[in-house]
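The values are calculated or read from the model by the stated rules, or taken from the named source; none is laboratory data. All figures in this text were calculated on a predicted structure; none of them were measured in a lab. Methodologically, a virtual Cβ is constructed for each residue, glycine included, from the backbone with ideal geometry; neighbour enumeration extends over all protein chains shown.
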Amino acid sequence: MTYQRVSAIQMSADEFRKVGHQLIDRIAEFLDDIYERPVTAGLSGEEVRALLKPGPLPEDPGEISGIMEHAYEVLSENSLFNGHPKFMGYITSSPAPAGILADLMAAAMNPNVGAQILSPVATEIEKETIKWLAQFIGLNENYGGILVSGGNMANFTGFLAARTAKGSEEIKSHGMKAAGSMVVYCAKSTHTWIEKAAILFGLGSDSIRWIPTTFSNKMNIPLLEAAIKIDLEKGHTPSIVVGTAGDVSTGAVDDLNRIGEICEEYNMWFHVDGAYGVPAVAVPVVKELFNGLEKADSIALDPHKWFYAPLEAGCTLVKNPTHLTDTFSSHPEYYKFDRQEVNFYEYGLQNSRGFRALKVWVALQQVGRKEYEKLIAEDIELAQYLFALAEAHPELEAFSHNLSITTFRYAPPEAMEKEKLNELNSALLEHLQKNGEVFLSNAIIRGNYCLRACIVNFRTSRKDIEDVMEIVVREGRKLV
Ligand SMILES: Cc1ncc(COP(=O)(O)O)c(C=O)c1O
């Protein structure tokens, strides 16, 4: 092949093959020995900057093989690996190897999945992926939706659809001065996205009613009802209730059925944040927790959490997809797109869109429904095992176990005041997060600083859980 134009950006097929094979070989080795690596090198920003040897913007072309090799070396030696079996920190999963390859293919084809005409195949793949995700969590095939970058965006998309559906029609032309006093209800434990949404989308943070939680971290339903009644008396407009299916701190699932009934009674939009937890509805032992999910008008779920997709992949599902087009559609004269087709720019915030569906679609076929169900069930069992080990250990205190999140803390045999114990566990976590043996995070439960393990990781085994217990006790003792 001879190229008409010669430039440094081109790569011949041979060069691409050579650099590509080299990279694939390196990644294959990396995936094989990830078990032996530290979870993190624990470097500070300053240390990483020194490694990168910052310099001016290059003026002239570089040699791609060396550039890729350098990038691989720096990344593979100094990153934090959420694919490591002992990464149990935040809710980011190990990336499915098939998803890694699919992302490469998606970048090579580079369809713009904003419009059907620009992505005839990718659009259909995204539609099928959304249908499969809805099917996995037990919803009927009339649900529609869109893939987005993650949980925040999935929740924002549902929130905006709710604002359109329950707000005045004039919001579009007059802005939020036409919104009246719309009010949103959610449990105190709801993820930070809700605050961002209220601020960014014009309702304001004062429009949020933070409903207290029960002992088990679920929304207190009588207090929800009471808050709605007070708002009605004051002339506000109760508009949206957010139920959480797997809260970020402890994995608790709100009483979705009751929330759904209350939303029906008061004509409110019911949004479920299932970004983390909702795939567990497929697991028989916890299925009942999600009763009422089908009452939700919109649901957020994240393939980059419990479907083990590489970042980024979130999804919004809506019972009636026209709520998305009512919210996001516009038809400028320069877009002569076929309106009979799904053009995804009309379903969400993005215009040009990448092909994030491919990695999810590929993995759903490679793994299949039954095996996904098994993997999720195993993650739940591992968290349960961790809870049981912590409960049985004289120097550990187990606090909670819901879905695949367990909270616990180190408590030395000698009595310690609550404040001291909190300080000890905070220092312990800081130390653990740097030393690279295991990566945990924290949760505050009834004023107690706890360590938090969240397992959305197909590499984690029972041996890893036992190791984590040993490490926590060993390092806890040292700190005391
Ligand atoms: C319940 C819940 N909602 C929303 C989010 C935000 O997701 P993301 O970080 O993908 O935006 C998280 C993240 O952990 C979560 O656990």
| Number of the exception - ALA178 against (1) of a type in the set (A, V, I, L, M); (2) more than 16 Å from the ligand (Cβ to nearest atom); (3) modelled with pLDDT of 95 or more | (3)
| said: Just to be sure before I move on: is VAL362 closer than 30 Å to SER173 by Cβ and surrounded by 20 or more Cβ atoms within 10 Å (Cβ to Cβ) in the structure I sent? | reply: no
| message | Condition (residue is surrounded by fewer than 17 Cβ atoms within 10 Å (Cβ to Cβ) and under 30 Å from ILE471 (Cβ atoms)) applied to segment 56-70: is it met by at least one residue? | response | no
| remark: Those residues of segment 1-48 that are small (Gly, Ala, Ser), under 23 Å from ILE100 (Cα atoms) and touching a Leu at 6+ places or on another chain (Cβ under 9 Å) come to a total of 2
| request: Return the only residue of THR123, THR164 being farther than 25 Å from CYS263 by Cβ, touching a helix residue (DSSP H, G or I) at 6+ places or on another chain (Cβ under 7 Å) and not aromatic (Phe, Trp, Tyr). | output: THR123
| message | For the list (1) surrounded by fewer than 15 Cβ atoms within 10 Å (Cβ to Cβ); (2) touching a helix residue (DSSP H, G or I) at 6+ places or on another chain (Cβ under 6 Å), I need the number of the one condition that SER44 fails. | response | (2)
| message | Any residue at all in segment 330-338 that's farther than 30 Å from PHE81 by Cα, among the aromatic types (Phe, Trp, Tyr), modelled with pLDDT of 95 or more and more than 14 Å from the ligand (Cβ to nearest atom)? | response | no
| task | Sort out which residues of segment 179-190 are touching a helix residue (DSSP H, G or I) at 6+ places or on another chain (Cβ under 9 Å) and buried (at least 22 other Cβ atoms within 10 Å of the Cβ), and write them in order of number. | result | MET182, VAL183, VAL184, TYR185, CYS186, ALA187
| request: State all residues of segment 459-480 that are part of a loop (DSSP other than H, G, I, E, B) and buried (at least 21 other Cβ atoms within 10 Å of the Cβ); if no residue qualifies, say none. | output: THR460
| Across segment 244-266, what is the number of residues that are out of contact with any Leu (no Cβ under 7 Å at 6 or more places or on another chain) and either touching a residue at least 60 places away in the same chain (Cβ under 8 Å) or within 12 Å of the ligand (Cβ to nearest atom) (or both)? | 7
| request: Only helices (runs of 4 or more DSSP H) wholly contained in segment 1-89 count here; list those with 3 or more residues that are under 30 Å from ARG462 (Cα atoms) and of a type in the set (A, V, I, L, M, F, W, C). | output: 13-33
| query | What number of residues in segment 181-195 are of a type outside the set (Phe, Trp, Tyr) and within 13 Å of the ligand (Cβ to nearest atom)? | reply | 8
| said: I need every pair where a residue in segment 325-352 that is under 19 Å from THR164 (Cα atoms) has its Cβ under 9 Å from the Cβ of a residue that is modelled with pLDDT of 95 or more and exposed (fewer than 12 other Cβ atoms within 10 Å of the Cβ), sequence separation at least 6 or different chains. | reply: TYR345/SER352
| query | Say we look at segment 365-383 and pick out the residues that are of a type outside the set (Phe, Trp, Tyr), touching a helix residue (DSSP H, G or I) at 6+ places or on another chain (Cβ under 8 Å) and within 24 Å of LYS287 (Cβ to Cβ); which of these is surrounded by the fewest Cβ atoms within 10 Å (Cβ to Cβ)? | reply | ARG369
| query | Among the listed residues ASP231, ASP302, which satisfies the condition of being under 30 Å from GLY447 (Cβ atoms) and within 16 Å of the ligand (Cβ to nearest atom)? | reply | ASP302
| request: Have a look at GLY99, GLY83 and point out the one that is within 16 Å of the ligand (Cβ to nearest atom) and under 30 Å from THR129 (Cβ atoms). | output: GLY99
